[in-house]
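Throughout, read-outs are computed from the coordinates displayed, never taken from laboratory work. Please read these numbers as outputs of a predicted model, since none were measured by experiment. We place every Cβ from the backbone using ideal geometry, glycine too, and count neighbours over all the protein chains shown.
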Protein chains: 2
Amino acid sequence: MNYPSKVLERAVEEMANLPGIGKRTALRLVLHMLNRPKSQTVALAEALDKLVDEVKYCQKCHTISDHDVCEICINPLREQDLVCVVEDVRDVMAIENTGQFKGTYHVLGGKISPMEGVGPGQLNINSLINRAKNGEIREIIFALSSTMEGDTTVFYLYRQLKDYNIQFSTIARGLGVGDELEYADEATLVRSIQYRVPYSDQKF
Amino acid sequence: MNYPSKVLERAVEEMANLPGIGKRTALRLVLHMLNRPKSQTVALAEALDKLVDEVKYCQKCHTISDHDVCEICINPLREQDLVCVVEDVRDVMAIENTGQFKGTYHVLGGKISPMEGVGPGQLNINSLINRAKNGEIREIIFALSSTMEGDTTVFYLYRQLKDYNIQFSTIARGLGVGDELEYADEATLVRSIQYRVPYSDQKF
């Protein structure tokens, strides 16, 4: 594309560096920024600068936090020895939004993926093993996506952690609440039958 | 959504102010910014600041430009008295990318739209009338979208400009080059028959 202005071009190129935003979308967004009050775009730029300057990660669970230790990890009302292992901060937010989980988290920061060159060394695994070594963990719930990479990561972590006195589980797979049977994919349907729950165990 | 961090929340909120970007997408983009080198996000913030600070509009045709008068309006090789009237800068870029148009532009900055509260006063119409008054325009090509608003705008402009000695045209509507007849919408098909071109006038 030929741009009529260098400042326009640079803004478009930088926006188009974001994932899922092509040149056309970037141009549309940038032109929108020019049509709204200047202060709004200055506020956006400032928020992004502040983000990369001031962001902190919890020293214990590695979630994004404003403090050295996050609000969940210092909350005495949470079960500190029940740890839900997730891939990233979005997963923490999703589970927190349910308001039903009373344990804590451990954010891996990704999944083991040889295809994308992500090995165990790039993930927050050592700190999880240390938490286990120190006897801080009673139960681990693996809440990773059920893909090849997710399953590999769970298997790797299990092998590293199985000798400590910890109870392991993975989140249940099955039909979503409200889903209709006829639209479910085969793999999910098979798992929902394999891992059926005795009717007497149902929690309502 | 509950955010684990204030700087994260602010960045997400500001990104989600952009059109077509919801909270979830904004969160995905902001987390991506945290996973890439910090310098890239600083560069984005700087580009946006520079954009709103330094952007200029051509005094003659109102397109975005690095100079007071844009490169098209000062180019002696362009037909300065042939003016293509468009809605915004993207249209200028689209036509320029064809490399076939040798005239100049006039960017209205929108369309007349009573529904969205945009009247003629908010558009760059007076400057177009002044260009006509000064005898600077020989021919005007209306290249607006063929919607209710686009047609209204063309009609309004035509009424304001018809007493000057100017030749008016609109861009041709019809089936796109390479389009198949059976997939064309009815309105387009009807227009392509109404405005059929004598075979002897075909330009190859």
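Given that compact globular proteins tend to follow 2.2 N^0.38 Å, what is the ratio of the alpha-carbon Rg of the protein assembly as shown to that value?
Values: Rg = 29.4 Å, N = 408, 2.2 N^0.38 = 21.6 Å.
Working it through for the protein assembly as shown, the quotient is 1.36.
Among B:Ala187, B:Ala47, B:Ala132, whose mean-square fluctuation peaks in a Gaussian network model of chain B (Cα, cutoff 10 Å)?
B:Ala187
Taking Cα atoms, how many degrees apart are the long axis of helix A:23-35 and the longest axis of chain A, rounded to 10 and kept between 0 and 90?
60
Can you tell me the relative contact order of chain A? Whole percent, Cα pairs under 8 Å, sequence separation 6 or more. Spell out each step's value before the answer.
Details: 212 pairs, mean separation 25.1, N = 204.
Relative CO of chain A lands at 12 percent.
What gaps in nm, shortest first, separate A:Val177 from its twins in the other copies when you place the label 7 Å past Cα toward the beta carbon?
The projected label point of A:Val177 is separated from its counterparts by 5.7 nm.
Within segment A:75-171, what percent of beta bridges assigned by DSSP are antiparallel, to the nearest 5? Present the calculation step by step, with values, prior to reporting the outcome.
Numbers: 1 of 13 bridges.
Taking every DSSP beta bridge within segment A:75-171, about 10 percent pair in antiparallel fashion.
To the nearest µm²/s, what D does Stokes-Einstein give for segment B:6-54 at 37 °C and 0.692 mPa s, using the Kirkwood radius over alpha carbon pairs as Rh? Intermediate values should be presented prior to the final figure.
Values: Rh = 11.4 Å.
Rounded, D is 287 µm²/s.
For segment B:12-77, what's the relative contact order in percent, using C-alpha pairs closer than 8 Å and at least 6 residues apart? Before the final figure, lay out each step's value.
Working: 47 pairs, mean separation 9.7, N = 66.
Value for segment B:12-77: 15 percent.
Compute the distance in nm between two label points, each set 7 Å from the Cα along the Cα-to-Cβ direction, one at A:Arg78 and one at B:Gln40.
2.9
Using a 10 Å cut-off around each Cβ of peptide B:82-90, what is the average number of partner chain Cβ atoms that fall inside?
Working: counts 0, 0, 0, 0, 0, 0, 4, 8, 5.
Counting Cβ atoms of other protein chains within 10 Å of each residue's Cβ and averaging gives 2.
Take the alpha-carbon centre of segment A:84-124, take the same for segment B:77-100, and report the distance between them in whole Å.
With segment A:84-124 and segment B:77-100 each reduced to a Cα centre, they are spaced 50 Å.
Only bridges whose two residues both fall in the protein assembly as shown count here: according to DSSP, what percent of them are antiparallel, nearest 5? Don't skip to the answer; put the middle values down first.
Working: 6 of 30 bridges.
Of the beta bridges lying entirely in the protein assembly as shown, close to 20 percent run antiparallel.
Identify which of A:Glu116, A:Glu182, A:Glu46 has the largest mean-square fluctuation in a Gaussian network model of chain A, with springs joining Cα atoms closer than 10 Å.
Between A:Glu116, A:Glu182, A:Glu46, it is A:Glu182 that shows the largest mean-square fluctuation.
Looking at segment B:17-143, what % of its DSSP beta bridges pair antiparallel, to the nearest 5?
Numbers: 3 of 11 bridges.
Antiparallel bridges make up about 25 percent of those DSSP assigns within segment B:17-143.
Under 5 Å between amide hydrogens, which residues at least 5 positions from B:Tyr57 or on another chain qualify, with H placed 1.01 Å from N in the peptide plane?
B:Ser65
Suppose a student asked you for the relative contact order of segment A:75-171, using Cα pairs under 8 Å spaced at least 6 residues apart; what percent would you report?
Details: 130 pairs, mean separation 30.2, N = 97.
Relative contact order for segment A:75-171 comes out at 31 percent.
Under 24 Å between alpha carbons: how many lysine pairs meet that in chain A, if sequence neighbours fewer than 8 apart on the same chain are excluded?
Lysine pairs, 8 or more places apart or on different chains, close enough: 17.
Taking chain A as the reference, fit the longest principal axis to its C-alpha atoms, fit the long axis of helix A:148-161 to the helix C-alpha atoms, and give the angle between the two in degrees, 0 to 90, nearest 10.
Long axis of A:148-161 versus the principal axis of chain A: about 50 degrees.
Restrict the search to segment B:129-192; then list the chymotrypsin sites (Phe, Trp or Tyr not before Pro) that DSSP places in a loop and that have at most 16 other Cβ atoms within 10 Å of their Cβ.
Details: sites: B:Phe142, B:Phe155, B:Tyr156, B:Tyr158, B:Tyr164, B:Phe168, B:Tyr183; in loops: B:Tyr164.
Listed in order of number, the matching sites are B:Tyr164.
Taking θ as phi - 60°, what are the ³J(HN,Hα) couplings along segment A:197-202 by the Karplus curve (6.51, -1.76, 1.60), each to the nearest whole Hz, with x for Gly and Pro?
10, x, 4, 5, 8, 4
Does segment A:74-154 come out rounded, prolate or oblate, given a ≥ b ≥ c as the square roots of the eigenvalues of its C-alpha gyration tensor, rounded meaning a/c under 1.5 and, failing that, prolate meaning a/b above b/c? Kindly include the intermediate steps, with their values, before the conclusion.
Details: a/c = 2.33, a/b = 1.43, b/c = 1.63.
Verdict is oblate for segment A:74-154.
When ranked by the protection proxy of mean other Cβ atoms within 10 Å per residue, highest first, what sequence do the peptides A:87-98, B:3-14 form?
Values: A:87-98: 17.1, B:3-14: 20.8.
Ranking, from highest mean packing down: B:3-14, A:87-98.
Specify the angular offset, from 0 to 90 degrees and rounded to the nearest 10, of the alpha carbon long axis of helix A:89-98 from the longest principal axis of the alpha carbons in chain A.
60
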